[in-house]
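> Got a structure for you, questions after.
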Amino acid sequence: MALTELAVRNAKPAAKQQKLFDAGGLFLLITPAGGKRWVLKYRINGKEKSLALGMYPDVSIAEARKRRDAAREKLAGGVDPGDAKKADKRAAKLAAANSFEAVALAWMDERRPYVEPAQYDKTLARFKNDAFPWLGKRPISEIEAPEILDVMKRVDSRGARFTAHRLRSEISRVFRYGIKEGFCKNDPARDLLGAIPPAQTMHFASITEPAKVGEMLRAFDGFTGTFPVQCALKLAPMLFVRPGELRKAEWEQFDLDKGEWRYLVTKTTTAHLVPLATQAVAILRDLHALTGSDRYVFPGARDRKRPMSEATINAALRRLGYDTRTEITGHGFRAMARTILHEELEQKPEVIEHQLAHAVPDNLGGAYNRTRFIKERRAMMQKWANYLDRIKAGAAVIQLNAGTRF
């Protein structure tokens, strides 16, 4: 008699293995430990063999019968279903090793020692969100350009055109790695250059009107978050360094007596010197009492051995009511300082650019010198801090005569 679902569900283990037979060679093997496995008994070339069809209840009796029938179809065609199953497993294992996801992760492991952790994490997130769900399990050698273009269009359709171009570039690098390692023979992503329109450069949101800057600085004084974050908010416009350089600042880089901060610029790994105005030194001395025993000037809220999160400044700005997409962002303080220093305080562009650690070619072809214009930069940084104090206090910016503003 054929088995029933009720009989299978109620079958109890015994001291020895039991077999409950269905039809067509299918039976349920019950182990003393209580496991229930579907098995197909068959003969091929005069030999009796068995084929495991899955565990109950993961595989229902109806599903077990479907698998039995599929196996018997192979037998009718002269194919050993056991050998076919082993071949399928080998093919699946090989496909998994050569899948786009496996090759992409291998490429990322190879380059991991040479990139910033944040950059590694962002690339991995792009792959997980925008590539792996559609390309991940595909053998890399079988992926063609239209499949990659579909991935790019899907990203572009949500308004992330820059990300779509970045993703194409990273997919292309995975294929080039795959070619090097012998997983594939060509790079279909390379053929997609220009397949979607170029991304328009989006400048970081910034406030450049002195009255609005003063309003923002007063808002910083009223910030109710932690003291280190408030100090970071106050120093960000005053020092106008890159956000990552501020949050990763280490106490050993500072000489508060000399009013100097020396560190390596993250983008170029060149040494940079930031002259500290007296206002900046005062803020840092107050903060030193709290975090001076830590490595980082702005330690993380949860782990003081790490710097504060890269999202902290923008989160604080949003908490104060600022839209970090359209009004001001942590990186926008650089544009703010560059504009006002030139237009309001009439500082020389080359001095400002050096303080921003931008490449400024000179007559000798030099791109950047950390000590160039150092006297002018010291004076400029103090003048800038004094200016911020004045507009924070509500002082009007009055044009006295052409080209001169206070």
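The values are calculated or read from the model by the stated rules, or taken from the named source; none is laboratory data. All values derive from a computational prediction rather than experimental measurement. Cβ atoms come from the backbone with ideal geometry, glycine included; neighbour counts cover every protein chain shown. Ligands, DNA and RNA are stripped out before the accessible areas are found, and what is left, the full protein with its side chains, is counted by its heavy atoms. Shrake-Rupley method; radii C 1.70, N 1.55, O 1.52, S 1.80 Å.
> Determine the share of the chain's accessible area contributed by carbon and sulfur atoms, expressed in whole percent, with a 1.4 angstrom probe. Intermediate values should be presented prior to the final figure.
Details: 11820 of 22960 Å².
Carbon plus sulfur share of accessible area: 51 percent.
> Would you mind working out the magnitude of the charge dipole of the chain relative to its Cα centre, with +1 at each Lys and Arg C-beta and -1 at each Asp and Glu C-beta, to the nearest 20 Debye? Don't jump to the answer; show the numbers that get you there.
Details: 69 positive and 48 negative charges, 378 e Å.
Dipole about the Cα centre, nearest 20: 1820 debye.
> Using the heavy atoms of the protein chains and a 1.4 angstrom probe, tell me the accessible area per residue for the range 241-289 in square angstrom.
47 Å²
> Further question on the same structure: State the extension gain, in nm to one decimal, for the chain segment bounded by residue 73 and residue 7, taking 0.36 nm per residue of separation less the distance between their alpha-carbons. Each step should come with its number before you reach the end.
Details: separation 66, 0.36 × 66 = 23.76 nm, distance 2.71 nm.
Gain on extension, residue 73 to residue 7, equals 21.0 nm.
> Let me ask something additional. Can you give the Rg to Rh ratio of the range 150-219, both from alpha-carbon atoms, with Rh computed by the Kirkwood formula?
On the way: Rg = 19.6 Å, Rh = 15.0 Å.
Over the Cα atoms of the range 150-219, Rg/Rh equals 1.31.
> Once phi is turned into θ = phi - 60°, what whole-Hz ³J(HN,Hα) does the Karplus curve with 6.51, -1.76 and 1.60 give for every residue of the range 125-141, x standing for Gly and Pro?
Each residue of the range 125-141 in turn: 5, 4, 4, 5, 7, 10, 10, 4, x, 10, 10, x, 8, 6, x, 4, 6 Hz.
> Could I ask something else about it? Can you pull the Rg over Rh of the range 219-295, Cα-only, Kirkwood? List each step's numbers first, then the result.
Numbers: Rg = 12.2 Å, Rh = 13.0 Å.
Dividing the radius of gyration by the Kirkwood radius yields 0.94.
> Among rounded, prolate and oblate, which fits the range 255-296 when a ≥ b ≥ c are the square roots of the eigenvalues of its C-alpha gyration tensor, a/c under 1.5 means rounded, and a/b larger than b/c means prolate? Intermediate results must be reported in sequence, preceding the final value.
On the way: a/c = 2.87, a/b = 1.49, b/c = 1.93.
Cα axes put the range 255-296 in the oblate bin.
> Excluding the sites themselves, what is the longest stretch of the chain that contains no trypsin sites (Lys or Arg not before Pro) in a DSSP loop with at most 12 other C-beta atoms within 10 Å? Show your work: numbers first, answer last.
Numbers: sites that count: 16, 158, 185, 258, 267, 302, 305, 325.
Free of exposed loop sites, the longest segment is 17-157.
> Given a Förster radius of 35 Å and the C-beta distance between residue 309 and residue 179 as r, what FRET efficiency does 1/(1 + (r/R0)^6) yield to the nearest 0.05?
Numbers: r = 38 Å, r/R0 = 1.08.
That gives a FRET efficiency of 0.40.
> Further question on the same structure: For the range 19-153, report the accessible area per residue in Å² (1.4 Å probe, heavy atoms, rounded to an integer).
Working: 7690 Å² over 135 residues.
For the range 19-153, the per-residue accessible area is 57 Å².
> Can you give me the P(r) profile for the chain? Cα pairs, bins 20 angstrom wide beginning at 0, each as a whole percent.
20, 34, 25, 15, 6, 0
> Another question about this same structure. Let me check I've understood the local charge: for residue 109, count other residues with C-beta under 13 angstrom from its C-beta, Lys and Arg +1, Asp and Glu -1. What total comes out?
Values: positive: 111, 112; negative: 101, 110, 181.
Overall, the nearby charge balance is -1.
> Here's another thing I want to ask about it. Counting Lys +1, Arg +1, Asp -1, Glu -1, what net charge surrounds residue 277 among other residues with beta carbon under 12 Å of its beta carbon? List each step's numbers first, then the result.
Values: positive: 234, 377, 378, 383; negative: 260, 389.
Value of the local net charge: +2.
> So if I average 1/r over every pair of distinct C-alpha atoms in the range 1-129 and take the inverse, what Kirkwood radius in Å does that give? Display every interim value, and only then the final one.
Numbers: mean 1/r = 0.0553 Å⁻¹.
Kirkwood hydrodynamic radius for the range 1-129: 18.1 Å.
> Here is a follow-up. Apply the Debye scattering formula to the range 36-91, with a single equal point scatterer on each alpha-carbon and no solvent, then give log10 I(q)/I(0) at q = 0.19 Å⁻¹.
-0.67
> So what is the relative contact order of the chain, in percent, for Cα pairs below 8 Å that sit 6 or more residues apart? All intermediate terms of the calculation are to be shown ahead of the outcome.
Details: 492 pairs, mean separation 43.5, N = 406.
Across the chain, relative contact order equals 11 percent.
> Please give every one of the aspartates and glutamates within straight-line cross-link reach of residue 19, meaning a C-alpha to C-alpha distance under 17 Å, and leave out same-chain neighbours fewer than 8 residues apart.
Result set, ordered by chain and number: 5, 48.
> For the range 253-359, take N as its residue count and report Rg(C-alpha) divided by 2.2 N^0.38 Å. Walk me through the numbers on the way to the answer.
Numbers: Rg = 15.7 Å, N = 107, 2.2 N^0.38 = 13.0 Å.
Dividing the Cα Rg of the range 253-359 by 2.2 N^0.38 Å gives 1.21.
> Setting aside same-chain residues fewer than 8 positions from residue 89, which lysines have a Cα under 21 Å from its Cα?
In chain and number order, the partners are 41, 49, 66, 74, 137.
> How about residue 212: which aspartates and glutamates have a C-alpha closer than 15 Å to its C-alpha, ignoring those fewer than 8 places off in the same chain?
221, 323, 327, 344, 389
> Please list 139-145, 351-357 highest first by mean number of surrounding beta-carbon atoms within 10 Å per residue. Display every interim value, and only then the final one.
Details: 139-145: 16.7, 351-357: 21.7.
Ranked from most to least packed, the peptides come out as 351-357, 139-145.
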